[in-house]
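To start, the structure itself, in structure tokens.
The values are calculated or read from the model by the stated rules, or taken from the named source; none is laboratory data. The structure displayed is predicted, hence computed values, not measured ones. Positions of Cβ are backbone-derived with ideal geometry, glycine not excepted, and every protein chain shown enters the neighbour counts. Heads up: the accessible areas ignore ligands, DNA and RNA and are worked out on the full protein's heavy atoms, side chains in. Shrake-Rupley method; radii C 1.70, N 1.55, O 1.52, S 1.80 Å.
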Amino acid sequence: MGVTVLLPYQIPEGKTGAQAIDYLTKRLLALGAIHTGQFLVDCETYISTPQHGPAKTVHVLHDSEYPASTFSILDNGAGKQIPLVADNLFDLLMLKMTSVYTSKKQTKIESKGARFEYGDFLIKLGSVTMMENFKGILIEIEYRPCVVLSYCWEMIRETLQGFLGMPIAKEYPAYFSQQIMNTMGQQQIHTKQNEVYEPIDTINQYLESFTNYRKQNVLPVAGGATGGASSAQNAAANMQGGNQRMR
Amino acid sequence: MEKLNSTLGAVRSLRSSVRQCFEQLADGTNAELAEDSRTKFLLKFQENFNNMNAQLREVESLINGLQAPQTPYCLGQTTYLAQETAPERQALYSQLVNSYKWIDKVHDHSFLAFNNLNQNNLRRSYVYCSQKRVRIPFTSCNNFDPDHTDKLLSEINLPLTSYQVCRPFGSNVVVIVTISRVLKAAIVCKGVLIEWVTVKGFDETLDPDDLWAESRYEVFRKVQEHTHIAMLHFFSPTLPDLAIKSYMTWLHSYSKLFLEACKRCGKFVSNGLPPTWRDLRTLEPFHEECRNC
Ligand SMILES: [Zn+2]
């Protein structure tokens with residue numbers, strides 16, 4: 001389990017999503033990466049029914065990298081997010097709760113595609129689809145031996161630049177540069193890039209990206225390499241619950 | 001030591017004269033012989049007896065002159081041999097002493113041989129041995145007392161590094177070193193000589209009972225190979241303390257394993273790996289393939 005960076009890939013003009021994936025796959029293989037199967041990350045969102053007070057949202061995510069787990073993030077509507085990692089029975093539990101939480105079926109979103117290994121790097125090229133509609137490309141890169149982003153960001157950046165063939169900003173990705181609240185609610189000096197990375201951080205990054213895709217309903221993705229400003233704000237608000245991560 | 005030797009010699013001569021005396025007594029006299037031969041026999045016996053007495057006194061005085069050694073002789077692990085109960089292994093101690101003597105002899109001979117060969121100026125190797133160098137006792141390398149090892153390890157104090165000392169194999173130490181949040185290394189020592197190193201990632205478990213399992217990450221398997229190269233490089237039976245300190249300093253340079261670009265090609269990643277080699281002297285980072293060119 002290492003540091004993972006998720007970034008939306010801007011499809012070059014005049015290319016389709018499939019062409020872009022094809023291009024990236026070729027570049028990865030030329031770099032020496034080995035194709036090691038497929039992956040899938042999906043997200044379904046449930047909203048509480050009005051008779052149960054202010055609207056609460058539960059995002060339920062699955063990641064094929066953690067096949068035995070179901071990740072859920074409860075958003076209480078007041079900017080607080082509570083993450084929960086459970087086993088797959090959680091899905092059945094959600095089905096039982098239809099009287100309280102109803103699924104927003106039309107926003108079910110997923111990212112799937114090929115998985116590559118390059119040294120200790122794990123690289124995934126995901127096509128994002130919502131209701132069978134292609135929304136964009138998400139690139140996930142994990143450097144498995146390292147648990148702190150600030151230690152290995154330059155390595156990740158160099159590898160990304162190598163196969164994307166474009167410059168990546170030197171700054172840490174937006175998700176990692178948020179301030180972290182300690183249990184007393186005070187901002188701490190160090191930020192997420194110096195924290196030990198955990199699986200829920202990957203899930204948070206996916207949720208962040210999926211939320212952005214859902215917002216822009218028609219247009220293809222325009223997010224930069226380090227994520228848009230809107231996602232940073234959105235995530236900053238979410239971070240209040242972030243320190244209560246599951247262990 | 002000389003006193004002890006002369007005392008042992010005195011005991012030996014006492015024993016021989018006692019033996020002589022009894023031999024003479026056992027031979028007895030010929031009954032048919034004359035009176036003067038009987039007197040001779042008696043005189044001879046008296047002489048022998050006086051000899052014995054004098055030697056006994058000498059032994060006694062020599063023993064009184066002996067001093068008990070200030071400190072008990074440190075026999076190291078060999079003391080445990082005395083507790084051996086299996087009969088076939090009780091002879092081990094004498095074998096041990098024999099082999100010790102043998103090694104001692106080899107050492108002396110090789111020293112002489114070296115001095116002789118040294119007069120020949122046609123040297124082929126760079127092996128250099130100073131005449132002035134004091135002969136170091138053999139015990140300093142791998143038969144150290146545990147307190148010394150503990151003290152030595154407690155003296156090593158590098159930033160962002162924690163040391164955990166355990167002894168799963170009797171008195172020999174296994175040091176679990178955690179460097180920053182980058183890696184863990186188990187260093188297996190025999191005395192203060194490093195015998196084996198296992199390197200694993202920060203998120204992997206490093207169990208002292210299973211030190212031979214490899215890391216699941218390629219980068220740490222590579223680093224482990226390099227730590228073994230360095231282990232041989234820093235090996236120094238004459239200065240074991242310095243060797244272990246230099247080794248720890250070198251190992252500590254891996255705290256920036258992912259953070260430093262290769263000194264030769266300037267890149268971070270090559271073949272999917274960071275610069276896994278650290279120069280033994282300058283501690284500069286290199287990719288494995290960049291280090292020799
Ligand atoms: Zn290099």
*Evaluate the following for A:Leu160: is it more than 29 Å from B:Val223 (Cα to Cα) and either within 14 Å of chain B (Cβ to nearest Cβ) or at pLDDT 95 or above (or both)?*
no
*Read through the list (1) more than 14 Å from every other protein chain (Cβ to nearest Cβ); (2) away from the ligand (no atom under 16 Å from the Cβ); (3) without any contact (Cβ under 8 Å) to a residue 12 or more places away in the chain; (4) over 30 Å from A:Leu31 (Cα atoms), then give the number of the only condition that B:Thr282 fails.*
(2)
*Name, by its number, the condition in (1) within 16 Å of the ligand (Cβ to nearest atom); (2) open to solvent by 30 Å² or more (accessible area, probe 1.4 Å); (3) touching a residue at least 60 places away in the same chain (Cβ under 8 Å) that does not hold for B:Asn292.*
(3)
*Could you check B:Glu218 against (1) farther than 23 Å from A:Phe163 by Cα; (2) of a type in the set (Asp, Glu); (3) at the interface with chain A (Cβ under 10 Å from one of its Cβ atoms) and say which number it fails?*
(1)
*Does B:His233 satisfy the condition of being more than 10 Å from chain A (Cβ to nearest Cβ) and touching a strand residue (DSSP E or B) at 6+ places or on another chain (Cβ under 7 Å)?*
no
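Looking at this structure, is A:Thr102 touching a helix residue (DSSP H, G or I) at 6+ places or on another chain (Cβ under 7 Å) and either among the aliphatic types (A, V, I, L, M) or in contact (Cβ under 8 Å) with a residue 12 or more places away in the chain (or both)?
No.
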*Test result for A:Leu125, open to solvent by 40 Å² or more (accessible area, probe 1.4 Å) and either within 19 Å of A:Arg27 (Cα to Cα) or at pLDDT 90 or above (or both)*: no
*The one condition in (1) open to solvent by 10 Å² or more (accessible area, probe 1.4 Å); (2) over 19 Å from the mean Cα position of the chain (by Cα); (3) within 14 Å of chain B (Cβ to nearest Cβ) that A:Arg144 fails to fulfil*: (2)
*asked:* Considering only the stretch A:54-63, I want to know if a residue exists there that is more than 22 Å from the chain's Cα centre (by Cα) and either open to solvent by less than 10 Å² (accessible area, probe 1.4 Å) or away from every other protein chain (no Cβ under 14 Å) (or both).
replied: yes
*Among the residues of the stretch B:267-279, count how many are without any contact (Cβ under 8 Å) to a residue 40 or more places away in the chain and more than 8 Å from the ligand (Cβ to nearest atom).*
4
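Checking the condition within 14 Å of chain A (Cβ to nearest Cβ), of a type in the set (A, V, I, L, M) and in contact (Cβ under 8 Å) with a residue 60 or more places away in the chain, which residue from B:Val182, B:Val177 passes?
Matching residue, one of B:Val182, B:Val177: B:Val182.
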*What are the residue pairs meeting all of these: first residue in the stretch B:249-260, first residue more than 11 Å from chain A (Cβ to nearest Cβ), second residue buried (at least 20 other Cβ atoms within 10 Å of the Cβ) and assigned to a loop (DSSP other than H, G, I, E, B), Cβ atoms under 7 Å, and 6 or more apart or on different chains?*
B:Tyr254/B:Val182
_With the requirement that a residue be outside any strand (DSSP E or B) and within 14 Å of another protein chain (Cβ to nearest Cβ), what does the stretch A:1-39 give you?_
A:Met1, A:Gly2, A:Leu28, A:Leu29, A:Ala30, A:Leu31, A:Gly32, A:Ala33
*Pairs only if they're at least six apart or on different chains, beta carbon under 8 angstrom, first in the stretch A:4-18 and farther than 24 Å from A:Ile203 by Cβ, second open to solvent by 50 Å² or more (accessible area, probe 1.4 Å); list them, first residue then second.*
A:Ile11/A:Pro220; A:Lys15/A:Tyr23
*Taking the stated definitions as given, is B:Leu280 part of a helix (DSSP H, G or I), of a type outside the set (D, E, K, R) and either surrounded by 20 or more Cβ atoms within 10 Å (Cβ to Cβ) or not assigned by TED's automatic domain parsing to the domain that holds B:Gln164 (or both)?*
no
*So which of B:Val199, B:Val175, B:Val188 is among the hydrophobic types (A, V, I, L, M, F, W, C) and closer than 20 Å to B:Gly76 by Cβ?*
B:Val188
*Quick check, is B:Leu14 at pLDDT 85 or above and aliphatic (A, V, I, L, M)?*
yes
_For the stretch A:40-99, give me the residue count where each residue is free of Cβ contacts under 8 Å to residues at least 60 places away in the same chain and in a strand (DSSP E or B)._
12
